[in-house]
């Protein structure tokens, strides 16, 4: 597939051309924080910030969404399901780690029984990825096999000097390219390869680039679950749930009812396994201590998920939990703590 390019100064024209036919989600700075939002001509697009505060997973798996509405009419109840996504859209500027996060969510929501709300969004969404310009110290995506210089999406972008290079990688990407090709000119493959080498050279020098996953796999359930390392490791945890809400792969949700005064809306919203009332039932909760809840989060990322998904971890090394945890408890610290214990044996 051909390589194209467009001047950075002309990106607004490209975004406008995409948004003319379909919805467009871009990273934008609002009140000093960068997150993905629906584009319009007033949007302060921010492609320079490496990582948005939240991952863009909520484009496909919203933080809150209605499922159906129930109304009482003439002593009968009428149930109206929420319409599935039917409009095409583009997510512009996703990084390689967040795209890997979507692949993790695919394993969850597209497995039988298929989540129709998620499946509809995936079917109508086109992902335009942006290679990382300069990975940060908290990044460790390469540990999980993610290449920040070579994002696997429908279209891949690289910023090279004053240009943005564009390459379609899938049929969806080819279709989008055809719609904006008039704005693109021939790109330089050699310049992109040089940029990839530059990015990978940075990745090799990052503090967590040599993080060792030895011992973490789908067969390690009993060994890791029963380890005494958890006894002290969990104690600073505030159970705030920040880690789960910024994570690209956390998929836990709750289903609730809301009385609108004119009927009942049933909706689902993100939830967190770190909360004491998570999956609370009439008989109580299976995980009754913060140690158990803390352990669950990391066992799921590094043991349970790979056990059921052909070895795929449900951590993508984006580093958001490293950046945001107020108690500095994150997956890197967990992996290192277990490594230290093994070395002491």
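Structural remarks
- Candidates 264, 255: the one that is outside the structural domain of residue 107 (by TED's automatic domain parsing) and either more than 23 Å from the chain's Cα centre (by Cα) or closer than 19 Å to residue 326 by Cα (or both) is 264.
- Within the range 137-176, considering residues that are surrounded by fewer than 16 Cβ atoms within 10 Å (Cβ to Cβ) and within 18 Å of residue 48 (Cβ to Cβ), the one nearest to the chain's Cα centre (by Cα): 137
- Of the residues in the range 290-298, not one is surrounded by 16 or more Cβ atoms within 10 Å (Cβ to Cβ), free of Cβ contacts under 8 Å to residues at least 40 places away in the same chain and either touching a strand residue (DSSP E or B) at 6+ places or on another chain (Cβ under 8 Å) or more than 20 Å from residue 329 (Cβ to Cβ) (or both).
- Checked against the criterion of being assigned to a loop (DSSP other than H, G, I, E, B), closer than 19 Å to residue 56 by Cα and in contact with a strand residue (DSSP E or B) (Cβ under 9 Å, 6 or more places away or on another chain), the candidates 151, 135 yield just one match: 151.
- Looking only at the range 56-105, residues that are in a loop (DSSP other than H, G, I, E, B) and either at pLDDT below 95 or surrounded by fewer than 18 Cβ atoms within 10 Å (Cβ to Cβ) (or both) come to 10 in all.
- Flag: residue 182 matches the condition of being loosely packed, with under 12 Cβ neighbours inside 10 Å and either touching a residue at least 40 places away in the same chain (Cβ under 8 Å) or not assigned by TED's automatic domain parsing to the domain that holds residue 318 (or both).
- The single condition from (1) in a strand (DSSP E or B); (2) within 15 Å of residue 95 (Cβ to Cβ); (3) out of contact with any helix residue (DSSP H, G or I) (no Cβ under 7 Å at 6 or more places or on another chain) that residue 164 fails is (3).
- Qualifying residue in the range 131-151 (condition: outside the structural domain of residue 305 (by TED's automatic domain parsing), touching a helix residue (DSSP H, G or I) at 6+ places or on another chain (Cβ under 7 Å), under 14 Å from residue 5 (Cβ atoms) and free of Cβ contacts under 8 Å to residues at least 60 places away in the same chain): no
The values are calculated or read from the model by the stated rules, or taken from the named source; none is laboratory data. Since this is a predicted model, take the numbers as computed values, not measurements. Here Cβ is always computed from backbone atoms with ideal geometry, including for glycine, and neighbour counts include all displayed protein chains.
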